[in-house]
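Single-structure report; data block below.
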Amino acid sequence: MKRYEIKTLGPPKAIREAYGDFLLSVGEDERVVVIDCDLGHSTKAAKFGERYPDRYVEIGIQEQNMMGMAAGLAAVGKIPFTSTFAIFSTGRPWEQIRLSIAYSNFNVKIVATHGGIATGEDGASHQMTEDFALMGAIPGMKVLSPSDYYSALSVLRAVYEYEGYVYIRLVRPKTPTVYPEEFPYSLGEANLIKDGEDVAVIATGIPVHHALKAALDLEKEGVSVAVYDFLSVKPLDEEAVMDAARKRHGVLVVEDHVFWGGLGMAVSSLLARKGISVPLSFVNMGDEFGRSGKYEELYRYYGLDAEGIKARIREMIG
């Protein structure tokens with residue numbers, strides 16, 4: 001666990017933009033190959049293709065084939081980055097990821113954009129809210145969920161330098177930046193971005209900036225809230241969970257994901273295994289699919305925005 005004192009949110013930037021910018025930064029490495037399934041302009045992988053067309057492979061709507069190609073490229077020493085929406089990057093090619101990539105222990109980077117209900121108006125068919133569970137169930141898979149543009153750059157850099165297979169979830173909308181600039185990131189670490197004593201909020205992805213806003217607002221009311229940014233859903237930063245469990249009124253876990261197989265279940269399991277009894281509360285998608293609507297409307301509806309998080313914290317200390 002690392003500590004950062006974040007007191008304000010920065011101007012909005014889309015997390016998926018970090019993917020295109022990152023790929024350009026490592027493009028001179030001849031080992032890097034990018035594969036995309038007809039969505040390069042949405043995933044921002046097309047930026048790489050415009051500069052390095054010989055190492056950008058656009059294969060159309062063939063997600064299962066993409067994972068097989070990535071495994072083959074990794075087998076001959078390349079560093080393949082696969083690119084498509086989260087719904088198509090996890091569910092459709094799951095067996096190929098499990099067997100061709102993970103079981104074979106190949107160095108493949110699975111990058112998915114448009115994760116969670118933050119995908120918005122496209123509705124439940126395109127809102128992947130089960131990807132942490134699907135990817136986390138694969139032995140050895142690292143599951144990463146950046147919270148803003150700058151953390152995405154750091155996570156992608158760490159993934160590029162790591163020898164092994166990983167899954168990275170990015171999202172569609174522009175959101176406030178949490179971190180002021182790129183920072184060093186080690187795989188598996190969580191960041192304590194605001195300390196407090198009353199309630200700990202453990203969050204991942206774009207709910208992090210909503211949690212921080214909620215904590216800063218509640219501070220004006222005399223409520224002290226700690227916020228932990230879990231950039232890594234798997235492996236879980238056990239030190240950060242144990243630190244959060246010491247707060248006076250318990251732990252609130254916030255994620256744009258169903259409860260089953262998500263961050264909340266992982267936190268609960270760890271505390272149970274450690275024999276630690278602490279009040280726990282959750283804000284997530286429960287056991288249902290999303291619906292169509294603007295990202296802000298959906299986050300408000302499901303309680304994932306700052307107002308919903310504040311309401312749940314007030315319940316916990318009430």
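The values are calculated or read from the model by the stated rules, or taken from the named source; none is laboratory data. Note that the structure is a prediction, hence the values are computed from the model and not measured. When we count neighbours, we look across all protein chains shown, and the Cβ atoms used for this are built from the backbone with ideal geometry, even at glycine.
So here's what we get for this one:
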quantity	calculated
Within region 36-50, tally of residues that are closer than 15 Å to PRO93 by Cβ and modelled with pLDDT of 90 or more	2
Residue that is farthest from the chain's Cα centre (by Cα), among those in region 82-106 that are closer than 25 Å to GLN127 by Cα and among the small types (Gly, Ala, Ser)	ALA102
Residue that is farther than 21 Å from ASP21 by Cα and modelled with pLDDT of 95 or more, where the choices are GLU189, GLU161	GLU189
Residue match in region 110-132 (condition: under 22 Å from MET67 (Cα atoms), surrounded by fewer than 24 Cβ atoms within 10 Å (Cβ to Cβ), in contact with a strand residue (DSSP E or B) (Cβ under 8 Å, 6 or more places away or on another chain) and not hydrophobic (A, V, I, L, M, F, W, C))	yes
Top-ranked residue in region 246-296 [being part of a helix (DSSP H, G or I) and modelled with pLDDT under 95; ranked as surrounded by the most Cβ atoms within 10 Å (Cβ to Cβ)]	TYR295
Residues within region 272-316 that are basic (Lys, Arg), in contact (Cβ under 8 Å) with a residue 24 or more places away in the chain and over 18 Å from GLU197 (Cα atoms), tallied	3
ALA86 vs. criteria among the small types (Gly, Ala, Ser), within 25 Å of ALA203 (Cβ to Cβ), buried (at least 16 other Cβ atoms within 10 Å of the Cβ) and assigned by TED's automatic domain parsing to the domain that holds LEU153	yes
Region 97-125: number of residues that are assigned to a loop (DSSP other than H, G, I, E, B), touching a helix residue (DSSP H, G or I) at 6+ places or on another chain (Cβ under 8 Å) and within 23 Å of LEU298 (Cβ to Cβ)	3
Of all residues in region 58-81 being part of a strand (DSSP E or B) and either modelled with pLDDT of 95 or more or surrounded by 20 or more Cβ atoms within 10 Å (Cβ to Cβ) (or both), the one that is nearest to the chain's Cα centre (by Cα)	PHE81
